[in-house]
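Participant: Shown below is the structure under consideration.
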Amino acid sequence: MTRPLAGVRVLDFGLLTAGANTSAMLADLGADVIKIESGAYLDPFRVVGKPDNDDGWWNRSPQFRFTNRNKRGLALNLKDPEGQRVIRALATHCDVVVENFRRGVLDRAGLGYAALKEINPRIVFAAISSQGDTGPERMNVSFGSTLDATSGIAALTGYEGEEPRISGMDVNYPDQIVSLFATGIVIAAVMEARRSGTGAFLDFSQREVASFTLGEEILAAAADPARRLGPRGNSEEGVAQQDAHRCQDGRWIAVTLEAADPSLGSFCAARDSKDAVAALLARGFAAAPCNDGADLLRDASLAGVSLVRDEHGGLVKGLPYRLDGKGITIERAAPDLGQHTDEVLRELLGYGDADLAKLKESGVTSTTPTIGEI
């Protein structure tokens, strides 16, 4: 089956989750995604998830594999003028750029939107950052924790009277959701660029996307100044009873009732979670188990959809939707550092053996880190 984005090529500077997962979903849909790293600056997920210190550790990170499947990998030194020239040449063959560097990094290298649209007017440039491309906080360093805080999410998370709660590295909610939004808007911009012949600069603020998900709460507060803003635990305004209850087998289940039932806690405590959920569902109540990661791995219904294994048996993210009843196809595992450099430069730029050897000798290309032990 020809995939929807076949024929679209992406120059991918995406890192970690926000950028790399955006380009991964484009790759899953059939785009030819060319991931750019360098020996001096690896995608941090190669380091965060390294399993050991043995030779080749930079190619074995599960976290890196998770968000970089279906891509080809190039290693080019972006601080070297020749590396910058190669990127500009590649950009003439691409439809999309995805990046989530700190603001100004690519501009200083002569690889920002203004420079690339001069050589490719149809380029769609997706800039994903914590605070967006404008404003007084555009240069702030941010992580999921700070974005949870500034977006308003942390203030609503937790139990009444407790301190604000952040989602942390295990969830990193703002990074996850911005990649979903960005993927859709990139596709729309590519469609428009092919219709009009003109690309676009797409400015994604992770903080603004996270705040967007709280829109109803913000509007409600604006309409009623007396509205109580803050964490409410598992309770919900307008809902008679909603909470998580521990069952006899030690597992928790979530239950929502239209009419309060003070005996619900003891009902759950006297039964295993599976039996409690079944009994509540049979009575027409909303009930479900509180799954953890191990539970999801055992859930056969998620195989090939939310979780998929690559050709090496490693787990990667699936897609949160199906196309014509089909889930994700892993055509290639995440690339080793610089694995496809020669292949891509031969294919797109017509490089020969002598050209490639010169780039290697000058340190413009590489397949090993040049940053020493990490």
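The values are calculated or read from the model by the stated rules, or taken from the named source; none is laboratory data. The model shown is predicted, which means the values in this text are computed figures rather than measured ones. Using ideal geometry, Cβ is built from the backbone for each residue, glycine included, and neighbour counts are taken over all protein chains shown. For the accessible areas, the whole protein counts, side chains as well, though only heavy atoms, and no ligand, DNA or RNA atoms are used. Shrake-Rupley method; radii C 1.70, N 1.55, O 1.52, S 1.80 Å.
Participant: Of the conditions (1) without any contact (Cβ under 8 Å) to a residue 60 or more places away in the chain; (2) surrounded by fewer than 19 Cβ atoms within 10 Å (Cβ to Cβ), ALA154 clears all except one; give me its number.
Facilitator: The one condition ALA154 does not meet is (2).
Participant: Return the residue satisfying two criteria in turn: it lies in region 1-24 and is closer than 13 Å to VAL96 by Cα and among the β-branched types (Val, Ile, Thr), and of such residues it is nearest to the chain's Cα centre (by Cα).
Facilitator: THR22
Participant: I need the strands (runs of 3 or more DSSP E) fully contained in region 274-328, keeping only those with at least 3 residues that are modelled with pLDDT of 75 or more.
Facilitator: Here the list reads 286-289.
Participant: Among the residues of region 81-100, are any closer than 19 Å to LEU202 by Cβ and free of Cβ contacts under 8 Å to residues at least 60 places away in the same chain?
Facilitator: no
Participant: Of the residues in region 174-206, how many are buried (at least 20 other Cβ atoms within 10 Å of the Cβ), in a helix (DSSP H, G or I) and at pLDDT below 95?
Facilitator: 5
Participant: List the number of the failed condition for ARG271; all other conditions in (1) free of Cβ contacts under 8 Å to residues at least 40 places away in the same chain; (2) open to solvent by 70 Å² or more (accessible area, probe 1.4 Å); (3) part of a helix (DSSP H, G or I) hold.
Facilitator: (3)
Participant: Output the residues belonging to region 227-255 that are surrounded by 15 or more Cβ atoms within 10 Å (Cβ to Cβ), at pLDDT 95 or above and in contact with a Lys or Arg (Cβ under 8 Å, 6 or more places away or on another chain).
Facilitator: CYS247, TRP252
Participant: Which one of these is at pLDDT 95 or above, within 24 Å of ASP55 (Cβ to Cβ) and not in a loop (DSSP other than H, G, I, E, B): LEU359, LEU337, LEU348?
Facilitator: LEU359
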